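Reviewing the structure listed below.
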Amino acid sequence: MNSRMNIRQLLLNNSTIVLFIVVFIIFGIWSPLFYSPENITNIIKQAAFTGIVAVGMTFVLLTAGIDLSVGSNMYLSVVVSGLLMRSTGIDVLPALIISLIVGTLFGAFNAFCIVRLKIIPFMTTLGTLIIGRGIGTALTESKQIDFPEKMNDFGQTLFLGIIPMPIVVFALVMLAGYVLLTRTQFGRQIYAIGNDPEAARKAGIDVDRVMALVYILCGFFAGLAGFVLVSQLGGRVDRSFGEGREFDAIAAAVLGGTSLFGGVGNVFGTFVGALLIQMVQTGLQFNLVNLYLQPMVKAVVIFLAIFFDSLREASQKRLKRRFIRPVSASTAGGD
Amino acid sequence: MAIVQDKLSPDSAFALTNKAKRSDRFSGGIGMLRRLLVSDYFVLYLTLLFFLVASIFYPTLSNPASITNQIQNFWPLLAVAIGQTFVLIIGGIDLSVIAVMGITSVAGALVMAENLDPAFFDKSPVWGSLMTEAGGVLAGNPLAVPAAVLTMLLIGTFIGWLNGVAITRFNLAPFMVTLVTSTFFAALALWLTQSRNISGIPEAYVTLGKGDIVSIYLGAKLTPDIARRDILPFITYPFMIAAGLAVVAQFLLSRTVFGRRMFSIGTNRKAAEVSGVPTQSVIIRVYMFCGFCAAMASVLYSGRLEIGQPSFPNNLLLDIIGAAVIGGTSLFGGKGSIRGTFFGVAFFVLLLNILNAMRLSPFIIDAVKGAFILVAALLDIIRTRVANQEQRV
Amino acid sequence: MKTSMKYLGLFVIAVLSVVVSFGVVSAQTDVTICFGFQDLETEFWVAGHRAITETLRGQGIEVLEYNANEDPNRQLEQIRECIAQGVDGIIIIPQDGDSANTIVAEAQENDVPIAVFNRPPNDRSAGVIVVADNVSATEQAVEFIAQKALRQFEITGEAVTPLILVGALQDTNAIGRRDGFFNVITRYNERYPGLFNEPIEVATEWDAATALANLEAAITANPNVDFIFTSSDFLFPTIRSVLEPRGMWVPMGQPGHVLLAGLDGDATACQLIDQGYVDATGVQNLFLEAELTMNRLLQAIEAGETAPNEVLLDPGFALTAGNIFFQRSDMWGCVLYDDGFLDQ
Amino acid sequence: MTTPLLQINALSKAFFGISAVKSVTLAVHPGEILGLIGQNGAGKSTLMNLIGGVVPADSGEMLLKGKPYTPRTPADANKNGIAFIHQELNLFTNLSIAENIFIDAFPRTRWGMIDRVTIKNKTRDLLQAVGLEIAPETQIERISPGERQLVEIARALYQDAELIIFDEPTTSLTARETERLFAIMRQLKEQGKAIIYISHILNDILKLSDSLAVMRDGQLMAHEPTAAFDVNRMIALMVGRSIEQLYPPRSTPPSTELVLDIHGVSAAGIVENIHLQLHKGEVLGLFGLMGSGRTELARMIFGLDPFEVGDIRVEGVALNNLSPQSSIRNRIAFVTENRREEGLLMNIDIANNIGLVALPEFARTPLLVIDRRELLDNAQHMANTLQLKSGNIALQNAKALSGGNQQKVVIAKWLLSRPAIFIMDEPTRGIDVGAKYEIYAIINQLAAEGSGVLIISSELDELIGICDRILVMSRGEIYGQFGRNEFNEERILRAAFRETAAIPTGEKLPTLDEMAEGSAS
């Protein structure tokens, strides 16, 4: 097979990366400063929180589920830790842990509804999307929360003196997501469930447990992303915090090749997807494109990405269809 | 019932015994509850029950003015939810309806608006062409309103066509396609109007959005003038339009070849294709219809507000999909009805009103609303499970 | 099945207990006022909401609150519902000036007096309208820092690069503020050619994360920005987290200070003016507006006036380091700040 | 006799008061292959599900090696050394072979990660044991159905299963793969494993099993050494009466008038230069092994897949722009091999399933309203004609029918469009003996009424029983033709089997004559 794979196939198979490079080059020609290390760092830094949520979302999408509640989860988990930090004066690290706990519990509630009550993920997370923000609003009475100064210092910390904290967390999450998905039993079982939940049950996989863990993990990552974002933002949480971020996360995962129908996807793709979205946004702002046109350009780029992906699928289908005979041992084992 | 009796058939024996069993199980209180759960009108009963319980505590809810007012709130939401129901039945989803409402509302205004303020609009890309100080393209023309409505419907249908083509021809996921068109057209609407609402909408259009056809007055006629607030709208243009749409949609769905084909696609697209169902064209037409319904809803919404409104809030989308799903439409396709969607719409509208009437603090109203949606979804799960048991046995 | 029935039972009990617990309706009073607001997204709106509801309730008036969640259609529905419930008067914070017209007309047609707070209807002939002029408040604040820029320009001769953080494009307030900003820049450039470079617009969508990303991109592309106006004060912490690591977060009077102005006048802005980081903020006199609105409406209700029409003006002012000492008590944000709002 | 590996005593199971398994007592011994037969709905699957822990029993007991055995989940059964190989394979196509084998319990390294070296090595050994030379990392979606079956067996071996249940394992296998599977089963038996083998192919069971159990209506009708059975007795026990004939006799001779004429159809890599003529009233068999291109050819004729050269004529008129819709207009019907995925709308009622193809015919202008009464009457008439066993066809969903009745619904839906050409791909797959006979009778009837019927099947017996003529397909080519008087099982198989003989790609295939010579020498 490899020998027959021509350039077109190679391009199609990596369509999102190719699109990424093309967009990167265009922005660079437009304005060479775009290639400055500072700007590149910015892009990665700003993509961090979307990327972290998108990793959790990738897990969920792999099981053919969906989690619309991540934006609300981000909000609620930082609201709780912010209120506690202000009222009890706890340090940044305990506050982070509280955010993670709230995010995880939020995910666990989703998991309970989906796994135990059997409410489909779309409706469950639609409900918790409204409830989560509702509880956050009730706790704050819609007021903003300002984290103490030390939160801001945490957000501005540079790891090893050069790498901003959000990027470090982002990298760790990517690594953790990659290891979980490819190197652990849990990860491989997620793929199995996404491929065929009924078969997974028959194969002795504890489907309920894996599904529950997936939503809990997604909640955990949402809590983490909320905390990272608020530290970047100078410690202020207002009522619109995290609103609508679920769509960014889903788009990042899908652009990275994750299927909404489950079983297909990986963390690296999600990484590229998250970066692509942020890069387009940054590039448009960088080059001072009319504010009204920015969303339209973004929409077109996302459309191109999913369009190329569909071409890839179509061509793969064509390639597969040629095997009318069983693939013999020698050829299948060869690659 | 035509059961072919045959020694070889275990199935027929099954069918007979089950029928006997079924009638047993329906006796008693549990049986009543079960029958209620399985009923197609379950959501309606639930809504009414909730409404009755709430009205005991908050009598204002059941005053005639409030009731007729709530009913008026059904129609625009129903119009757009009908289209969404169609899309959900074929196993798709349309996230772009909100943007369609915005862009069509603007387009309609661009046709019929009377005088536009250059201070607001002179930066618009269409200033001087579609927009002038005199107003929209057909400003003042007696045919302006019908032309505007027609334009709106055409544009809505066209965006639906775009969605449908991208989904069928390129095999893209509906979720992503409509997310993209939603972003694009929402931005386009804002760009065209430079974020401004367009006022100066002709009276005839406003009538479509809120005009009464038949009104009622309850109570003694003490003074020669009846206060406006005591005249209750009964049959209104929005009611006629939305109800008309609902009747057409229900008719399409249950009586025509097109409707059967929709269900077959939603149940099993491959099998439908093999059976000669022109799946691509059916899917495209369904998305077109959804765009059409959104444009119709846009007429109702922007008519009653008397403006061309470029942006509609995104959380309306949750109400639209929520209403359809609570009304029994499956997100996996193949299941759904207009009647159910109507009940779902009633549920959403009344729920929100009841929560407000309960004097809940605005800070916790959202949390409670979300909880109610989850409860309704849970009840639907239980209901489906009970119904499946009836089927299986 | 059994478990689901159990859950069903639990939920029914939960629902009923919610209904019953709120069933204890507060004592009926003579006057009921319906208060419909567009949303409670930022501190400004929360403060306004609180000022109105608490004052009214303090006077023994029943308040029906309706949150339209930024949906003018829902607001229209809610106001109609208020009318149907027979309220005595209506106060709205509308989503925009156009839908406000329709809603005012709806109320007056049904003989219910209505007052509009903060965002004026385009047609100001109907209803009690308390106008807080976004454009003029913005112009005052921007003018203040433009003056400072001019003095700098006269000394150094170097053009100033202005930047504006634009709010959500679907929000009329955001658009009004953007207009005010550009009015000042254009005026100054006509009078003092070469003073301002082409202004840089940064999209925020009223979302701090978006603002952060875009501002960072804009500053990286144009490191010479030295004049920033934010369409809402709630973004100051975000601005700070972009400027600080670049050494641009410098108080007034020290070299490298970036001219900063905002609008709303919230507690943070007051604090930052105190500390010298922010030069000016356009302030609406929130408490005055609330009071004007309520008084006029209650007066109308008492007099049986069904369609009171009056325009009451809050011209707004720019709060600066220079006048903060005198105007502190007029500035709602400073009142909150002095009450310890930021460290509660 | 030794202690049985598994002893079942008076096991019963009812669903909602309907017994599916009635007091069955049965034993399997180590080193024994137990054949299990019965019509669909006879309770075989339920019995196996009881053993496999999919559903719990109502009463009775199971003893595993003399100890009580009450599995609650499939995982429980696995732990107790019972492996269940389902008809629809339980593999995850997006994962590798090794991952599939270890999916429920991966060996781990000290760090809790998957021990990839171990699984690779172990998988290689396991694959060797089942005679599959494929790299352990190969994704399942890249291997053939037969190879997948072997992977399932490897998985059972890994779990150290002592009892392996095969539920109709050969339905999707080529003949060669079937042979390989049987060889492995015999090997497993010699190693002392017990096997329960469920199949509808009676000859296979006779060849393979040591003892044979027959079920009907949830009860065990017989359990004796295989030597005590022949096909007739097996059928008699299954259906509760003796069936004289397996196939209804062909009553009407085909006419000479052509209804379908396929001329030189080729699609690169799939089929090559296909010539095929179908006459009115003819039942034409298309025999070939899985992957010989027969299904692909059928799909091309029906317009589901494209081809590059050649033309197709229906009643003398050349077709172009083929699509299912145009084919239906040209009165072609296509019963696909995959009922579940392409044949039926499982969650929709029977009447609407039957009406789907001919839907436009029930539409009344101008609004294209469906005449529901007429649709229902027609569907009911069709159901009666085909002796469909169902509840109310307007209420009952297709899902609730047995396999044979589902197939009748598929046929009924095509019949309503009055086709002149009937293409049926594996029309009797997974259907029990009684229903098969009825399907054959329908085919006969169709031919008698003048339709041309093209039947694709992997069961040669079946084709020989019902066809006027048989074409053999191999490697995407038509490879031989046999008239009714030339039917000879061995020769037909020989033609078909060339396909899997080791012929390197590119080498010219031998002609039919050469093949005959080859076999003679």
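Legend: residues in region D:40-82 shielded by at least 50 square angstrom of accessible surface upon adding the remaining protein chains to the isolated chain (1.4 Å probe, heavy atoms) are D:Pro74.
Normalised Debye scattering of chain D at q = 0.11, 0.12 Å⁻¹ gives log10 I(q)/I(0) of -1.08, -1.25, counting only Cα atoms as equal scatterers and leaving out solvent. Which whole DSSP H helices in chain B pass both tests: a Cα extent of 30 Å or more along the axis and a mean Kyte-Doolittle value no lower than -1.0? Length and hydropathy pass: B:64-89, B:144-169, B:279-305, B:365-392. Restricting the calculation to Cα atoms, the protein assembly as shown yields a radius of gyration followed by a Dmax of 36.6, 120 Å.
Span-like helix criteria (full DSSP H runs; alpha carbon extent of at least 24 Å along the helix axis; mean Kyte-Doolittle hydropathy of at least 0.5) are satisfied in chain A by A:37-62, A:70-88, A:92-111, A:121-140, A:165-183, A:207-232, A:267-286. Per-residue surface analysis assigns B:Tyr217 an accessible area of about 80 Å², computed on protein heavy atoms at 1.4 Å probe radius. Given a 1.4 Å probe and the protein chains as shown, A:Arg183 ends up with an accessible area of around 80 Å². Pairwise Cα separations in chain B fall into 20 Å bins from 0 onward with the following percentages, short to long: 24, 51, 21, 3, 0. Convex hull volume per residue, computed on the Cα atoms of region D:262-355, equals 123 Å³.
Cα convex hull, region A:16-89: 138 Å³ per residue, rounded to a whole number.
Over the Cα atoms of region A:160-256, the radius of gyration divided by the Kirkwood radius equals 1.06; this is the Rg/Rh ratio.
Remark: for residue pairs A:Lys202/D:Lys67; A:Lys202/D:Lys207; A:Lys202/D:Lys79; D:Lys13/D:Lys44, the C-alpha separation exceeds 21 Å in A:Lys202/D:Lys67; A:Lys202/D:Lys207. Heavy-atom accessible surface of chain B, averaged per residue, reaches 37 Å², computed with a 1.4 Å probe.
In terms of Cα atoms, the Rg and Dmax of region C:134-283 work out to 13.8, 40 Å. Ordering C:228-234, A:288-294, A:31-37, B:365-371 by mean Cβ neighbour count within 10 Å, with the highest value first, yields C:228-234, B:365-371, A:288-294, A:31-37.
To the nearest 10, the accessible area of C:Leu336 is 20 Å² with a 1.4 Å probe.
For region D:283-382, relative contact order (Cα pairs under 8 Å, six or more residues apart, normalised by length) works out to 14 percent. Secondary structure note: in the protein assembly as shown, about 45% of the DSSP beta bridges are antiparallel.
Pairs of Cα atoms in region A:52-306 fall into 5 Å distance bins, from 0 up to the last occupied one, in shares of 1, 7, 13, 17, 18, 17, 13, 9, 4, 1, 0, 0 percent. Charged side chains reduced to their Cβ positions (Lys and Arg at +1, Asp and Glu at -1) give the protein assembly as shown a dipole of some 5160 debye around its Cα centre.
Taking the Cα centre of region A:52-306 as origin, work out the dipole magnitude from +1 charges on Lys and Arg Cβ and -1 charges on Asp and Glu Cβ, in debye rounded to 20.
300 debye
Counting only heavy atoms of the protein chains, get the accessible area per residue of chain D (1.4 Å probe) and round it to a whole Å² value.
Details: 20790 Å² over 521 residues.
Value returned for chain D: 40 Å² of accessible area per residue.
Computed from the alpha carbon atoms alone, the convex hull of chain C holds 178 Å³ per residue.
Note on region D:175-226: the alpha carbon radius of gyration divided by the globular reference 2.2 N^0.38 Å gives 1.23.
Total buried accessible area between D and B, probe 1.4 Å, nearest 100: 3500 Å². Of the peptides B:52-63, D:333-344, the order by per-residue mean of other Cβ atoms within 10 Å, starting with the highest, comes out as D:333-344, B:52-63. Take every pair of alpha-carbon atoms less than 8 Å apart whose residues are at least six positions apart; their mean separation over the length of chain C yields a relative contact order of 18 percent.
Both numbers refer to the Cα atoms of region C:80-213; Rg and Dmax are 19.8, 65 Å. Counting only protein heavy atoms and using a 1.4 Å probe, what share of the accessible area of the protein assembly as shown belongs to carbon plus sulfur, as a whole percent? Taking all protein chains in place, the protein assembly as shown shows 58 percent carbon and sulfur surface. Helix-only arithmetic for the protein assembly as shown: the sum of -39500 (n - 2.57) across DSSP H runs with n ≥ 4, divided by the residue total, places the mean residue ellipticity at 222 nm at -17000 deg cm²/dmol. With semi-axes defined as the square roots of five times the eigenvalues of the C-alpha gyration tensor, the equivalent ellipsoid of region D:193-342 measures 42, 19, 14 Å, largest first.
Roughly how crowded by other chains is peptide B:59-65, in terms of the mean Cβ count from those chains within 10 Å of each of its Cβ atoms?
Mean partner-chain Cβ count within 10 Å for B:59-65: 3.
Shielding of peptide D:87-98 by partners, expressed as the average count of other chain Cβ atoms within 10 Å per residue Cβ, is 5.
Packing here is the average count of other Cβ atoms within 10 Å per residue, and on that basis the peptides D:348-354, B:155-161, C:153-159, highest first, run D:348-354, B:155-161, C:153-159. Once B binds C, the 1.4 Å probe can no longer reach about 4800 Å² of accessible area, counting both sides.
How crowded by other chains is B:312-319, given as the mean number of beta carbons from other chains within 10 Å of each beta carbon? Taking all residues of B:312-319 together, the mean is 5.
Using DSSP H assignments, which helices in chain C have an axial alpha-carbon span of 27 Å or above and a mean Kyte-Doolittle hydropathy of 0.0 or higher? Those that pass (Cα extent of 27 Å or more, hydropathy at least 0.0) are C:2-21. Buried accessible surface for the A/B pair, both sides summed and rounded to the nearest 100, is 3500 Å² with a 1.4 Å probe.
The stretch between D:Leu63 and D:Glu179, if pulled fully straight at 0.36 nm per residue, gains 38.5 nm over its current Cα-Cα span. Once C-alpha pairs closer than 8 Å and six or more residues apart are averaged by separation and normalised to the residue number of region D:1-157, the relative contact order reads 19 percent.
Give me the accessible area per residue for region A:15-112, probe 1.4 Å, as a whole number in Å². Working shown, then result.
Values: 3210 Å² over 98 residues.
Averaged over the residues of region A:15-112, the accessible area is 33 Å².
Here the label points at D:Ser255 and B:Ile216, each 7 Å from Cα along the C-beta direction, are separated by 6.9 nm in the simple model.
The values are calculated or read from the model by the stated rules, or taken from the named source; none is laboratory data. In this text the structure is predicted, and so the values were computed from the model without any measurement. As a convention, Cβ positions derive from the backbone with ideal geometry for all residues, glycine included, and neighbour counts pool all protein chains shown. Accessible surface is based on the protein model in full, side chains and every heavy atom, while ligands, DNA and RNA are left aside. Shrake-Rupley method; radii C 1.70, N 1.55, O 1.52, S 1.80 Å.
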